[in-house]
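Accompanying notes for the structure given below.
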């Protein structure tokens, strides 16, 4: 009896102790710990939208890839050699390397339940691995950003960095539309780390990002880049850029800079190669800027195309004040206003600015967009340097008309010339053509269209027509086939606050056809290696004419393709 009573008491005592252990203060702790070991939260990445040129050519695309990993606790003991042999074959990794990688991670953290083995694995390889049903091997679906055109349009498109964010360019500017919205899952896993679908609490599907179609034309972009490659090979400049846009609208068709980089390997590129110098770098424009004082003088009625100006005088006097005039490249004598512009007389334009007055001349420069941001909208858009008249010294009024004592960016100078190519309007450059729901190639769909932005009307149409006529030279009438209105510029560079004689910036900006402009082109070459002075007439103008000839041929091909109904060769898919 004593033995039976003792046994019963012992059994019930043990049960009581166990219930107390499970239900008293440890109850919540075990519940939380057990829940944590089973529950999991998983993010489902959204498909980042693609970036296309205006014809549907892919400039940036997202490709689904897999990250393959293993739960080391589930690696089988028996058949271990076969397990690693199959895994190594598909991941193209040595069996010994796989085992070493898993062993090292486990030594660092014995409780580890996930070890990443390979990233950027294609869907085909992932599917093949899944068929073998290797225990403990799992995949996480991600996306890899690829730039099919390589370096082409790199400063426009930008890159997508390792932090899953746009680094610069359109990738950063339009990130809100491109990135989409990630989905997520709350569920539970069993001891083998497999999901218990019946316990799934939330399943929010991802929302794909939008595609972005640019105003950039891939074929025209390649033209600009080929010309830049020739400039780099022949002259080895520190920097050069070519900008091409639609004259009537300001839509950018090409923007290319050297040095450049491959966004597929952006982490290997130097920072200076990533800078979009067309909108961020400031330089003195030289004689291209002469369109401002001349058109301003015409607008105010100070001069007409027939006005004669004495360009032989070293000084001039106006309102009882004497002004020192800059030198010309040669003795020019008395010239008409047309020849002042065509022969690029520093003294001629300086006298126009003097008669306009500092305030009025400054107002014209502001109206052309200098001293304010271009409206490009991203990538370090610089306002340049334009001091108010109160900060000018005695020489500024005669030096600024020739493109000194002012700092501009290539895009600012391009848009200023665009005033003469667009019936007197100053545009903001348009780069985003349309934002579309994610499709196959961005063609044949309708979405949010980019807006044409007219900042102001700078000149009346009569002044514009007069300036166009004066910017055309008779001996250039057949090269290219259309009349081209243009202005070249040459400026000395500053070093330690002083002008140097062996480094120059050669530039040229123009549009064609002169009487009904369609294309606007600007070329800036910084410090080309050459003997003597790097004249814009000699180094930048030929490049502008070569690009213009190629544009003419491209336009004709597109015209006949549209007539025949054949698709353009640029409408390719990735």
Counted residues in segment 55-83 being outside any strand (DSSP E or B) and either touching a strand residue (DSSP E or B) at 6+ places or on another chain (Cβ under 7 Å) or under 30 Å from residue 44 (Cβ atoms) (or both) come to 9
Considering 495, 485, which residue is more than 26 Å from the chain's Cα centre (by Cα) and modelled with pLDDT under 90? 495
For segment 131-166, how many residues are free of Cβ contacts under 8 Å to residues at least 24 places away in the same chain and assigned to a helix (DSSP H, G or I)? 1
Tally the residues that are out of contact with any strand residue (DSSP E or B) (no Cβ under 8 Å at 6 or more places or on another chain) and either within 30 Å of residue 146 (Cα to Cα) or assigned to a helix (DSSP H, G or I) (or both), restricting the search to segment 107-130. 5
So which pairs qualify, if the first residue must be in segment 547-558 and over 13 Å from residue 482 (Cα atoms), the second must be at pLDDT 90 or above and crowded, with 16+ Cβ neighbours inside 10 Å, the Cβ gap must be under 8 Å, and the two must be at least 6 apart or on different chains? 554/219; 554/220; 554/223
Given (1) closer than 21 Å to residue 223 by Cα; (2) without any contact (Cβ under 8 Å) to a residue 12 or more places away in the chain, residue 265 misses just (1)
I'm told residue 569 meets every condition in (1) assigned to a loop (DSSP other than H, G, I, E, B); (2) out of contact with any strand residue (DSSP E or B) (no Cβ under 8 Å at 6 or more places or on another chain); (3) modelled with pLDDT under 80; (4) surrounded by 14 or more Cβ atoms within 10 Å (Cβ to Cβ) except one. Can you identify the failing condition by its number? (4)
Residue list for segment 166-189, restricted to those being farther than 16 Å from residue 147 by Cβ, touching a helix residue (DSSP H, G or I) at 6+ places or on another chain (Cβ under 7 Å) and surrounded by fewer than 18 Cβ atoms within 10 Å (Cβ to Cβ): 188, 189
Of the numbered conditions (1) in contact (Cβ under 8 Å) with a residue 24 or more places away in the chain; (2) buried (at least 19 other Cβ atoms within 10 Å of the Cβ); (3) within 41 Å of the chain's Cα centre (by Cα), residue 98 fails exactly one; give the number of that condition. (1)
Matching residues, segment 412-435, being in contact with a strand residue (DSSP E or B) (Cβ under 7 Å, 6 or more places away or on another chain) and not in a helix (DSSP H, G or I): 424, 425, 426, 427, 428, 429, 430, 431, 432, 433, 434, 435
Number of positions in segment 312-332 that are surrounded by 13 or more Cβ atoms within 10 Å (Cβ to Cβ), free of Cβ contacts under 8 Å to residues at least 24 places away in the same chain and in contact with a helix residue (DSSP H, G or I) (Cβ under 7 Å, 6 or more places away or on another chain): 1
In segment 221-246, which residues are over 16 Å from the mean Cα position of the chain (by Cα), outside any strand (DSSP E or B) and within 24 Å of residue 173 (Cβ to Cβ)? 228
Based on this model, can you work out whether residue 29 counts as at pLDDT below 90, surrounded by fewer than 16 Cβ atoms within 10 Å (Cβ to Cβ), more than 29 Å from residue 104 (Cα to Cα) and touching a helix residue (DSSP H, G or I) at 6+ places or on another chain (Cβ under 9 Å)? no
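The values are calculated or read from the model by the stated rules, or taken from the named source; none is laboratory data. Everything numeric in this text was worked out from a predicted model, so none of it was measured. So basically every Cβ, Gly included, is an ideal-geometry build from the backbone, and we count neighbours across all protein chains shown.
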